[in-house]
Every structure is written in C-alpha cells, then in structure tokens.
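The values are calculated or read from the model by the stated rules, or taken from the named source; none is laboratory data. It should be emphasised that the depicted structure is a prediction, and the values quoted were computed from it without experimental measurement. Cβ coordinates were reconstructed from backbone atoms using ideal geometry, including for glycine residues, and neighbour counts include every protein chain displayed.
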Amino acid sequence: MKSVSGSVLALLLVGLGGCVTSQDEVIERTTPVAQRHPITVEPIVRELRMTPQGSAGRLSEADKVQLAQFARTFVQSSDAKLSVSAPDAAAKPRAGASAASEAVDVIVSAGIPRSRVQLGAYPADGSNAVVVSYVAYVATGPNCGDWSSNYGSSPDNTLTPNYGCASQHNFAAILADPRDLVTPRTETPADGARRATVLEKYRAGEATQTPRGQGERGVVSDVSVQQ
C-alpha cells in the first residue's frame with residue numbers, strides 16, 4: 001500500500017513539474033513582437049551618375065528627366081543635403097556651361113530649395129561624370145521561416161518562433177519613410193484661425209459645425225420609404 005501511494009505521489013510531482021513555467025518562457029510570451037522580430041533601419045547612399053555630352057559638356061535631355069525624378073525621390077526619403085559633385089578638373093564651373101551647374105538648375109526647377117543643394121568635387125580619375133547623391137534610410141524586415149516548433153500542438157500555450165514575423169516583414173516592405181522608426185516626426189501646428197472661429201460661434205450661441213453643400217450629403221438615394 002505504501003509503495004502504491006509513493007508511486008502516485010511521484011507521478012503527481014512529475015505532472016506538477018511539467019506545469020511549472022520557466023523564466024525564459026515567461027520572457028518569451030511577454031516580449032513584444034517588435035523586439036522578437038526587429039526591423040533594422042540603416043543609412044545608404046543613393047547616387048545618380050551622368051556623363052556630359054559634347055564639347056560644351058551639357059547634360060542630355062534624358063539625363064535631365066532622370067535627374068528631376070531623382071530629386072523628387074530625394075525630397076520624399078531624406079532630410080539631408082543633395083550633393084552635386086564633379087571631377088577636380090571641372091571644379092570651377094562656367095555659367096551655363098558646366099554640367100554641375102546645369103544639374104543644380106534642374107534640381108532647383110524640380111522644387112528643391114537651393115539651400116539643400118551642396119556643390120563639391122571628387123578626385124579626377126579619368127571620368128567626367130557628374131555625381132548627384134544623398135543619404136537615405138532603408139528598412140529591412142526580419143528573416144522568417146523558422147518551422148522548428150510543432151504548430152499543430154502547443155500544450156504549454158507558448159508563442160511559435162514565427163509569431164508576428166510576417167507582419168513585421170510586410171510592415172518594413174510598405175513603410176513609406178523608414179526615418180519614422182528612427183526619429184518621430186514633429187507635429188504640425190494647430191489651425192489657430194479655425195479654432196478661434198469655432199470659439200466665437202460657441203460664445204455667441206451659434207452652430208459651430210461647417211455648413212455642408214448639397215454635394216456633400218451622405219445619402220445613397222433620395223427615394224423615401226412610404227409607410
């Protein structure tokens with residue numbers, strides 16, 4: 001009788017030991033997905049190289065179109081300066097003749113403030129290309145595909161290794177501006193004029209909402225139900 005009771009007690013202790021949650025499991029369950037599958041944001045240099053054409057060293061029309069698009073992309077993905085560099089031999093541009101000066105004109109015409117454009121030079125290596133470059137940030141999602149756990153059984157209710165990884169990977173792929181993960185944007189100022197208008201109407205006992213025109217009604221049909 002004593003041996004049977006001892007066996008039962010041993011089984012109960014083993015069962016209770018299996019229910020004990022380790023500290024590592026607790027940490028795994030409570031760690032946010034963003035920390036388990038982090039998104040890395042790294043700076044990269046994007047550049048556009050253009051070779052001047054002819055004896056006058058002018059940019060081709062195709063180069064100008066490509067440069068204008070490059071400048072618009074720069075505005076959307078960087079808050080640094082846009083660098084325009086030419087070889088040392090061409091570091092002293094002549095008005096209207098230098099490809100570097102012409103590139104600056106194209107950039108400014110695309111809507112980039114002249115204060116954000118920086119002229120420079122690089123060591124002449126036989127190339128006469130004008131290099132336009134800037135520093136941008138790229139977000140890279142985590143590598144998913146860890147199928148080491150049995151997804152069909154989880155008696156201890158722990159998270160699978162891949163949990164949340166796909167969401168993080170997709171988020172990194174569709175992120176418009178990776179800089180938002182590094183430094184949050186500042187809030188735009190409130191509309192003080194509109195706030196003052198609403199307060200004045202409120203104090204006067206008038207309706208504060210904006211009047212809506214006939215075209216702003218959210219009605220699907222003008223047919224009323226007859227009862």
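Filter region 19-47 down to the residues that are modelled with pLDDT of 65 or more and among the β-branched types (Val, Ile, Thr) and list them by number.
If the condition is that a residue be modelled with pLDDT of 65 or more and among the β-branched types (Val, Ile, Thr), then Thr30, Thr31, Val33, Ile39, Thr40, Val41, Ile44, Val45 are the ones that fit.
Tell me which of these Ala196 doesn't satisfy, since it passes every other one: (1) modelled with pLDDT under 85; (2) assigned to a helix (DSSP H, G or I).
Among (1) modelled with pLDDT under 85; (2) assigned to a helix (DSSP H, G or I), the lone unmet condition for Ala196 is (1).
For region 170-188, does any single residue satisfy the condition of being modelled with pLDDT under 85, in a helix (DSSP H, G or I) and out of contact with any Cys (no Cβ under 9 Å at 6 or more places or on another chain)?
No.
Which pairs do you get when a residue that is in contact (Cβ under 8 Å) with a residue 24 or more places away in the chain, found in region 57-84, comes within reach of a residue that is part of a helix (DSSP H, G or I) and among the β-branched types (Val, Ile, Thr), reach meaning Cβ atoms under 7 angstrom, with the pair 6+ apart or on two chains?
Cβ pairs passing all conditions: Lys64/Val106; Leu67/Val106; Leu67/Ile107; Ala68/Val106; Ala71/Ile107; Leu82/Ile107; Val84/Val104.
Looking only at region 137-152, decide whether some residue is under 30 Å from Ala103 (Cβ atoms) and surrounded by 15 or more Cβ atoms within 10 Å (Cβ to Cβ).
yes
Looking only at residues in region 53-70 that are in a loop (DSSP other than H, G, I, E, B) and of a type in the set (S, T, N, Q), which one is surrounded by the fewest Cβ atoms within 10 Å (Cβ to Cβ)? Steps first, please.
Start the filter on region 53-70 by keeping residues that are in a loop (DSSP other than H, G, I, E, B), which leaves 54-57, 59-60.
Applying the additional criterion that residues be of a type in the set (S, T, N, Q) yields 55, 60.
On the way: Ser55: 6, Ser60: 13.
Of everything passing the filter in region 53-70, Ser55 is surrounded by the fewest Cβ atoms within 10 Å (Cβ to Cβ).
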